[in-house]
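Everything below concerns the one structure shown next.
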Amino acid sequence: MKKLAILLFILMIFKLPTTAQLKVTSAEKIPLNKSKQWSSPQFSPDGKSVFFTTLDYQGIWEYSLTQKVQRQITDDPRSGFGFSISSDGKKIAYRRTLNEKNSQGRVQEIVVKEWSTSSTQILASGSNLSTPSFVGTKVIYSEDVTTRNLEAAIGQPMIMGLENTKIAVVEKGTKRLIDPLKNGSYIWPLLSPDAKKIVASDMSNGTFVCDLKGKVLARLGKRNAAVWTRDGRWLIYMNDKDDGHNIISSDLFCISPDGKRMKQLTFTNNEIELYPQCSLVENQIVCSTLDGDIMMLTYEEVKR
């Protein structure tokens, strides 16, 4: 009996799940033109390019990771604030903000540009337009509180962003506003790769994970600008610190969506890394720095 008990104990040990963590294996600055300070990078859907803008969102650029070439997509004013790339990688949608003469208010336009034909299409014009989002090849956007092309999202849940500080969720072609923390004021909402969970932050209560109905699954504390890895197993975030006026340090960390595992990923004294974004197809992260550079990091999941 004693030998049997020992054997069962050994078998139980070997059946226990292996605890893993992330490790950065390489980090490099993308060699961009030094004439501007760059920000808000994001990968193309195929992971072969990085798109980015300037600190004041004036224009959009692309850097090809395969051809090592930088090009400007548009110089439209404020176009870099919340642009979207189509799933086939052939189009970009963005909102530009114009100041027309003899106008009492701003004029915004939703613009779609196609690479192959260099054609530009204006989908909407008004004083209060949301940033656009692609669902496949269709563009979803809102004019005031009316959302256009919702039927494109019938088979694919999505996050429309924020409306009146609440999270706008589109599911089965219907939009609803969720308020997971009750009277919250939210930022940085992002849908998980399996489209079942949302990570977001509240201005007062920090970062949390909830389901599409708004049920809170985990409270994570201060984990600013958290984004999902491509497999949804981790959240990458910036641990930024300030002196009350300016950011003085920031490294990238990872945390499991249940909050049980956390690890620091970068340890840079000479760089302040901000606003990470993850590739959909590779174990890669891009982020901006306080100095206006774009960094690209490669990571792997390893056993502890």
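Worth a mention:
- For Cα extents along the principal axes in Å, calculated from these coordinates, the label among (i) 111, 61, 26; (ii) 57, 45, 41; (iii) 90, 44, 44: (iii)
- Tensor-based shape of the range 29-99 (alpha-carbon gyration tensor, a/c under 1.5 rounded, otherwise prolate or oblate): oblate
- Nonpolar atom fraction for the chain, defined as the carbon and sulfur part of the 1.4 Å probe accessible area, stands at 49 percent.
- Cut-off 15 Å between beta-carbons: net charge of the residues surrounding Q21, Lys and Arg +1, Asp and Glu -1: +3
- Per residue, the solvent-accessible area of the chain (1.4 Å probe, heavy atoms of protein chains only, all protein chains present) comes to 54 Å².
- Violating pairs (Cα-Cα greater than 22 angstrom) within the set K23/K260; K196/K303; K91/K138; K213/K241; K175/K197; K90/K138: K196/K303; K213/K241
- Applying the criteria of a DSSP loop state and at most 11 other Cβ atoms within 10 Å to the trypsin sites (Lys or Arg not before Pro) of the range 43-99 yields K68.
- Neighbourhood net charge (10 Å Cβ-Cβ; Lys/Arg +1, Asp/Glu -1) for K263: +3
- Euclidean distance of C-alpha centroids, the range 142-215 and the range 34-52, integer Å: 25
The values are calculated or read from the model by the stated rules, or taken from the named source; none is laboratory data. Note that the structure is predicted; figures quoted are calculated from it, not measured. Because the Cβ atoms are built from the backbone with ideal geometry, glycine has one as well, and the counts that use them run over all protein chains shown. Each accessible area value is taken on the protein alone, full model and side chains, heavy atoms only, with ligands, DNA and RNA left out. Shrake-Rupley method; radii C 1.70, N 1.55, O 1.52, S 1.80 Å.
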